[in-house]
1. Pick from Thr126, Thr152, Thr190: which is at negative phi, touching a helix residue (DSSP H, G or I) at 6+ places or on another chain (Cβ under 9 Å) and modelled with pLDDT of 90 or more?
2. Inside the stretch 40-96, can you point out the residues that are under 18 Å from Leu2 (Cα atoms) and of a type in the set (A, V, I, L, M, F, W, C)?
3. Name the residues in the stretch 42-76 that are crowded, with 19+ Cβ neighbours inside 10 Å, in contact with a Lys or Arg (Cβ under 9 Å, 6 or more places away or on another chain), modelled with pLDDT of 85 or more and not basic (Lys, Arg), would you?
4. So, Leu153, is that one within 23 Å of Val11 (Cβ to Cβ) and among the aliphatic types (A, V, I, L, M) or not?
5. Checking Gly136 against (1) closer than 16 Å to Thr69 by Cβ; (2) modelled with pLDDT of 80 or more; (3) surrounded by 16 or more Cβ atoms within 10 Å (Cβ to Cβ), which single condition isn't satisfied?
6. Please work out which one of (1) touching a Cys at 6+ places or on another chain (Cβ under 9 Å); (2) under 14 Å from Glu44 (Cβ atoms) is the condition Thr134 fails and give its number.
7. Only one of Gln88, Gln82, Gln66, Gln73 is in contact with a Phe, Trp or Tyr (Cβ under 6 Å, 6 or more places away or on another chain) and not small (Gly, Ala, Ser). Can you tell me which?
8. Can you tell me which residue in the stretch 119-129 is surrounded by the most Cβ atoms within 10 Å (Cβ to Cβ), limited to those that are of a type outside the set (D, E, K, R) and over 25 Å from Thr167 (Cβ atoms)?
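The values are calculated or read from the model by the stated rules, or taken from the named source; none is laboratory data. Treat the numbers as computed from the prediction; the structure is a model and nothing was measured. Every residue, glycine among them, receives a Cβ derived from its backbone with ideal geometry; neighbour counts consider all protein chains shown.
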Amino acid sequence: MLILLNKPFEVICQFSPHPTRPTLASHVPLAGIYPAGRLDADSEGLVLLTDDGKLQHAIADPRHKQTKTYLVQVEGEVSREQLDRMEQGLDLGDFTTAPCHASKVLEPGWLWPRDPPVRQRANQPTSWLVVRLTEGKNRQVRRMTAAVGLPTLRLVRVAIGPFSLETNPLLPGEWQEVSPAALQPALQPTSQPASQPDRQ
């Protein structure tokens with residue numbers, strides 16, 4: 001079984017109870033499934049869930065290089081220089097990011113409003129980016145935008161591999177079962193060394 005879930009803001013990406021916050025169990029009332037990869041509580045968007053341990057490991061394993069796409073609302077106006085720095089790789093201290101895709105976009109019309117709304121300064125403009133990565137270390141996208149002077153206000157993962165919330169529209173908390181067969185071409189191992197599972 002493979003499930004697409006649009007994880008809401010402030011939901012903990014686990015099924016076991018949390019003392020102060022809702023978890024995935026609040027939205028997916030199925031037993032024996034687990035997230036394959038994670039999103040932090042303050043991030044939203046696509047999470048893959050499965051009851052197959054081997055598939056879970058394969059999806060979360062960075063060696064399989066599934067592209068993950070993020071919509072990012074940042075504080076400030078975005079320059080070409082800032083995008084180039086993100087695309088070429090950034091030294092974040094404990095690691096240097098791999099080359100990626102980063103571009104400025106308009107806020108998509110299909111994107112749902114966040115609840116609660118993003119808090120932003122009235123005198124400070126905001127911009128939207130699309131960032132596509134083939135890696136995903138802890139809070140990587142937020143750290144990348146901060147490193148080029150663009151603090152992240154909202155982070156939404158909109159696609160993993162062939163699955164997209166634009167083409168599979170799900171509102172926050174909604175889920176849909178899909179065929180794992182679509183993932184198989186993306187799950188071929190590579191010779192790259194393993195690193196931490198994705199978590200943004």
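1. None of the others qualify; the one that does is Thr152.
2. Answer for the stretch 40-96, where residues must be under 18 Å from Leu2 (Cα atoms) and of a type in the set (A, V, I, L, M, F, W, C): Leu46, Val47, Leu48, Leu49, Leu55, Ala58, Ile59, Ala60.
3. Ser43, Glu44, Gly45, Leu46, Val47, Thr69, Tyr70, Leu71, Val72, Gln73, Val74
4. When the stated conditions are applied, Leu153 passes them.
5. With respect to (1) closer than 16 Å to Thr69 by Cβ; (2) modelled with pLDDT of 80 or more; (3) surrounded by 16 or more Cβ atoms within 10 Å (Cβ to Cβ), Gly136 is out only on (2).
6. Here Thr134 meets the rest and fails (2).
7. Gln73
8. Ranking the candidates gives Thr126 first.
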